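**Q** Below is one structure. I have some questions about it.
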């Protein structure tokens with residue numbers, strides 16, 4: 001799944017969580033943590049696999065449930081100490097939604113090897129086509145099949161839900177931009 005698809009899935013899950021748990025729309029700081037969490041596995045694995053050739057594939061270390069079982073409790077412990085529990089929960093929802101959204105549709109039709117990354121390094125990764133780096137992956141993304149259209153539709157839907165939620169975080173971003181832009185005289 002592409003970054004906008006991961007962000008959309010994470011936002012839709014998180015806004016549902018905050019509406020049910022707190023009867024309100026999401027807050028700014030947890031939304032930033034959610035956005036980072038929704039991209040985090042790819043921000044680790046893809047550069048280390050595609051650019052630095054340290055990992056054997058773009059879905060290995062930080063896509064593994066073994067890593068997650070150690071990493072997310074550590075994130076929560078640090079956030080708890082800093083009194084940012086809500087941000088750690090949002091980060092975790094973004095992170096876990098990323099892993100679930102990466103499961104290919106073929107798994108639903110009985111081809112479990114598409115989810116082997118969840119058990120790396122215990123289960124060997126299927127081979128990947130070589131990619132020259134993250135920029136190459138984006139530059140070669142010129143075909144839009146049904147899966148890509150679905151992701152784009154999810155993103156558009158998430159933007160509509162975000163707007164319906166009152167565009168949480170937008171006021172904070174606008175205030176920050178105004179603070180740093182020179183005023184006109």
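What follows draws every value from the coordinates through simple rules; no lab data is involved. Just so it is clear, the model here is predicted, and its values are computed rather than measured. For neighbour counting, all protein chains shown are included, and Cβ atoms are generated from backbone atoms with ideal geometry for every residue, glycine included.
**Q** Any idea what the relative contact order of the range 1-71 is, in percent, if you count C-alpha pairs under 8 Å spaced at least 6 apart? Mind showing how you got there, number by number?
**A** Working: 53 pairs, mean separation 15.8, N = 71.
Worked out over the range 1-71, it gives 22 percent.
**Q** In degrees from 0 to 90, rounded to the nearest 10, what is the angle of the helix 65-81 Cα long axis to the longest principal axis of the chain?
**A** 20
**Q** If I stretch the segment between residue 85 and residue 113 completely, what's the gain in nm (0.36 nm per residue apart, minus their alpha carbon distance), one decimal? Write down the numbers at each step before the final one.
**A** Values: separation 28, 0.36 × 28 = 10.08 nm, distance 3.49 nm.
Here the segment from residue 85 to residue 113 would lengthen by 6.6 nm.
**Q** Let me ask another. Using Cβ contacts closer than 10 Å as the measure, can you line up 83, 128 from fewest to most?
**A** Going from least to most buried by this count: 83, 128.
**Q** Here are a few candidate values for Cα extents along the principal axes in Å: (i) 57, 40, 34; (ii) 67, 48, 26; (iii) 55, 34, 32. Which one was actually calculated from the structure I just gave you?
**A** (i)
**Q** What is the distance in Å between the Cα centres of the range 1-79 and the range 90-114?
**A** If you average the Cα positions of each part, the centres end up 12 Å apart.
**Q** Considering the chain as a Gaussian network with a 10 Å cut-off on Cα pairs, which listed residue, 175, 49, 101, attains the greatest mean-square fluctuation?
**A** Looking only at 175, 49, 101, the largest GNM fluctuation is found for 175.
**Q** For each of 59, 178, count neighbouring Cβ atoms within 10 Å of the residue's Cβ, then give the residues from fewest to most.
**A** Details: 59 25, 178 9.
Sorted ascending by nearby Cβ count, the order is 178, 59.
**Q** Using the count of nearby Cβ atoms within 10 Å as a rough guide to exposure, how do 155, 22 rank from fewest to most? The partial results should precede the final answer.
**A** Values: 155 19, 22 11.
Taking fewest neighbouring Cβ atoms as first place, the list is 22, 155.
**Q** Report the full-extension gain for the segment residue 66 to residue 174: residue separation times 0.36 nm, less the Cα-Cα distance, to one decimal in nm. It would help to have the intermediate numbers written out before the result.
**A** Working: separation 108, 0.36 × 108 = 38.88 nm, distance 3.97 nm.
Answer, rounded to one decimal: 34.9 nm.
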